[in-house]
1. Please report, in whole Å³, the volume per residue of the convex hull around the C-alpha atoms of the range 26-108.
2. Given a 1.4 Å probe and the protein chains all in place, what does the accessible area of residue 106 round to, in Å² to the nearest 10?
3. How many angstrom lie between the Cα centre of the range 357-373 and the Cα centre of the range 216-241?
4. Over the Cα atoms of the range 220-259, compute the convex hull volume and normalise it per residue, giving Å³.
5. Of all the C-alpha pairs in the range 108-257, what % are more than 25 Å from each other?
6. Based solely on C-alpha atoms, express the radius of gyration and the Dmax of the range 268-341 in angstrom.
7. Using a 1.4 angstrom probe, figure out how much accessible area the range 342-384 has per residue, in square angstrom, rounded to the nearest whole.
8. With N set to the residue count of the range 355-459, report its C-alpha Rg divided by 2.2 N^0.38 Å to two decimal places.
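The values are calculated or read from the model by the stated rules, or taken from the named source; none is laboratory data. Fair warning: this is a prediction, and the values are worked out from it, not measured in the lab. Methodologically, a virtual Cβ is constructed for each residue, glycine included, from the backbone with ideal geometry; neighbour enumeration extends over all protein chains shown. Protein only, heavy atoms only, side chains kept; ligands, DNA and RNA dropped before computing areas. Shrake-Rupley method; radii C 1.70, N 1.55, O 1.52, S 1.80 Å.
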Amino acid sequence: MANITTVVGASGQTFAVTVNGGQTQLLAQQYQNAVSSLHTSGGLDSYDMVPGSNASSGSNAAHGLISQGGQYSLTDSTTQYISVGSYSTTGQDTLNSAVSLDVSGSTASNISVLAGDYAGVSMTAGNQNGTFIGGVGNNTFSGGSSTGNWNIATGDGNDTITGTNGNDTVSAGLGNNKIDLGSGTNVVRSEGQDTIGGTTGTDTVTLLGGSSVVTLGANATVYDTTSHNTVSGGNNSFITGGSSSTYFSTGAMSTVSGGLNDTISASADMWQVRGTANSINASGALTFLNGTGATTVSAGTSTLFGASGLDLMLVGGSASSSNLFVGNEGNETVSAASSNGTLHAFAGTGNETIIGGSASDTLVGGSGAATLTGGSGAGNLFALTKGTAGGDYTITDFGSAAGNLMALYQYGLQNNNGLANVLSSATVAGGNTTIALSDNSKITFVGVTDLNASNFNLS
């Protein structure tokens, strides 16, 4: 919703500027308060600017007013405030003619611009610091190679913002905005469906509108609070995930935290923390912490820490890929059936389903119930350790491949005919064999009726 901000113009007349968007209205109110305070104290000279070159003739801080379209430039050191709008007795702003404003020739240390022009305002900054409040219309801010620090806020139009090489704060309103950031430390608040670029500075971007495209460099931070955004970051980038978005990392290391149904890719190493139902592809080493939901992972190597509700599918990779999974609380499923790499899996405290792939995998039961499947590879190692086991375990394919072994650690079964006693007490029923251990662990070998000592590894 548009809002009329009024300031005192030349000769005390009311000057009206139309702005929209929450951040622009907040800054417009601050601008109004500053101008009113200076005017009341007698410390402000107001004058009407004209197309062409402008300079204040007074010694006080000056307030220039633009009420008609045209090209304007500023060359003095005293004009600190510029308003673009209309003189009005009713408070209605009617300016609808394009304005171009160039302050690169100004020697003032700080300039604030409040612009409300339905035809749009194009602003060119200099090396001073400043504030640009672009209200209604499609506005353009050009920082170029200037070095000032600017606070830039635009309304609901389709705005184009080129930042300075100083430290800029950008608040872009609704609309399809294009934002290019300079080499400084920059902060962006994006409400529209924006295209944001910045590969030379240190940038922090918050996405509020959705369906934006963001391309940033090293040490970038992106907070995706919406959905369907596409974000690329460089080395040491950090992204807080949104929903159904796509993230790319082009650096040596990156982190994505959270996210729901996101597609995440990294050209090297990556951390993914507490995501839900994401698809992840890392060419290097992936560290996956406490993810949940139906998740797909492909990585050069991976270290995976689960969480309740995780349904993890390992895919792709090479024969040299190594995947380490450590279970957590709750029910979890991990499958390497579509993976070319090796799986080393340690079940947690809940109900676990762990499925190996085409390599020789190691599947270790935890303290909860676990269903273990070696997969299509041979020479799989199934294992329990006394002190961390104690559940019911089902091995679905122990006899289906050569070289499969069941390792029983810390049970002492290598002594005093311990293993022989366990096997002699085994239960064979329905084509399956179940053995019981001293810590109340029970292991059922599906489809196996001829267990013998050579099937076990003891220590």
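1. Details: hull volume 8.7 nm³, N = 83.
Here the figure is 105 Å³ per residue.
2. Estimated to the nearest 10 Å², residue 106 gives 10 Å².
3. Distance between centres, Cα-based: 36 Å.
4. Hull volume normalised by residue count: 45 Å³.
5. Pairs farther apart than 25 Å: 25 percent.
6. 10.8, 31
7. Values: 1150 Å² over 43 residues.
Here the residues of the range 342-384 average 27 Å² of exposed surface.
8. Working: Rg = 12.6 Å, N = 105, 2.2 N^0.38 = 12.9 Å.
So the Cα radius of gyration is 0.97 times the expected 2.2 N^0.38 Å.
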